[in-house]
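Before I ask anything, let me first share the structure, which is written out below as structure tokens.
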Amino acid sequence: MTLTFESLLARARSLPQGGRRAVLGIAGSPGAGKTTLAEHLVRELNGAGEPWVAHVPMDGFHLADVELDRLGRRDRKGAPDTFDAAGYAALLRRLHEEAGDTVYAPGFERVLEQPIAGAVPVEPTARLVVTEGNYLLLDTGAWARVRPQLDEVWFCELDEPERLRRLVARHEQFGKTHDQAVAWVLRSDQHNAELVAATRARADLVVPGAALPVPAQPSGPAPALRERR
């Protein structure tokens, strides 16, 4: 059976069982389409009625630049040790255990490239929470606490040249020049992508590029991997 976006909607819709809130994780390498898939799922599932699906990105748990400077990790922003993994795992636990209360999650402002505390309210009416990020399936350090809090994890697998094109375009959209975007992708993002790709086998479902929605952003040529530093 061919996997389609419609079948993904049906699978996500079936996750909350017996009145219990479910949390769906969407993992994948940088630029693989995690956020686009999450946003489309939430919009289509909520439809025009009362919202019952919430979107809580992992990106809100980026450490602030001032802390990355203190730790000497600013040039590796986006690597596993530049996030508050324990805080993210604790939020996922709260989303299960405190379903009767409004739970506030941090957001991430991409223009500023900084986390914003208390920016994402998850109301008690949310029976499904969709969360997405690179490292949901990582089994080292505090990241190992994340997977047990997720009812399912889907892994987005996009054709590599297209993934790289989208990633460069995204960096350019938020202020980098083309050369700066390519350099960052081939130095930092690609290392993280290889780490994430190694977690693919732990996913409940691998979502191929054909089933992924197309983001509303232009794509230029993919950078050559041989340029990687």
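Does the range 23-34 contain any residue that is within 20 Å of ALA117 (Cα to Cα) and either crowded, with 19+ Cβ neighbours inside 10 Å or modelled with pLDDT of 95 or more (or both)?
Checked against the condition, which is being within 20 Å of ALA117 (Cα to Cα) and either crowded, with 19+ Cβ neighbours inside 10 Å or modelled with pLDDT of 95 or more (or both), the range 23-34 yields no hits at all.
Would you confirm, using the coordinates I've provided, whether ALA117 is assigned to a strand (DSSP E or B) and on the phi < 0 side of the Ramachandran plot?
In short, yes.
Further, regarding this structure: Give me the residue from the range 184-218 that is assigned to a loop (DSSP other than H, G, I, E, B) and surrounded by fewer than 18 Cβ atoms within 10 Å (Cβ to Cβ) and, out of that set, modelled with the highest pLDDT.
Looking at the filtered set, the residue picked out is ASP204.
Which is without any contact (Cβ under 8 Å) to a residue 60 or more places away in the chain and either farther than 16 Å from ILE26 by Cβ or among the charged types (D, E, K, R) (or both), of PRO124, PRO80?
Of the residues listed, the single one that is without any contact (Cβ under 8 Å) to a residue 60 or more places away in the chain and either farther than 16 Å from ILE26 by Cβ or among the charged types (D, E, K, R) (or both) is PRO124.
Test of understanding: among GLU132, GLU44, which residue is of a type in the set (D, E, K, R), closer than 25 Å to TRP154 by Cβ and surrounded by 21 or more Cβ atoms within 10 Å (Cβ to Cβ)?
GLU132
Between ARG20, ARG13, ARG93, ARG70, which is of a type in the set (Lys, Arg), over 15 Å from GLY133 (Cβ atoms) and at pLDDT below 95?
ARG20
Matching residues to (1) in a strand (DSSP E or B); (2) free of Cβ contacts under 8 Å to residues at least 24 places away in the same chain; (3) out of contact with any helix residue (DSSP H, G or I) (no Cβ under 9 Å at 6 or more places or on another chain); (4) under 26 Å from ARG163 (Cα atoms):
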residue: ALA32; (1), (2), (3), (4): no, no, no, yes
residue: LEU37; (1), (2), (3), (4): no, no, no, yes
residue: GLU44; (1), (2), (3), (4): no, no, no, yes
residue: PRO51; (1), (2), (3), (4): no, no, no, no
residue: GLY60; (1), (2), (3), (4): no, no, no, yes
residue: VAL66; (1), (2), (3), (4): no, yes, yes, no
residue: ARG70; (1), (2), (3), (4): no, yes, yes, no
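The values are calculated or read from the model by the stated rules, or taken from the named source; none is laboratory data. All values derive from a computational prediction rather than experimental measurement. FYI the Cβ positions are ideal-geometry reconstructions off the backbone, even for glycines, and counts take in every protein chain you see.
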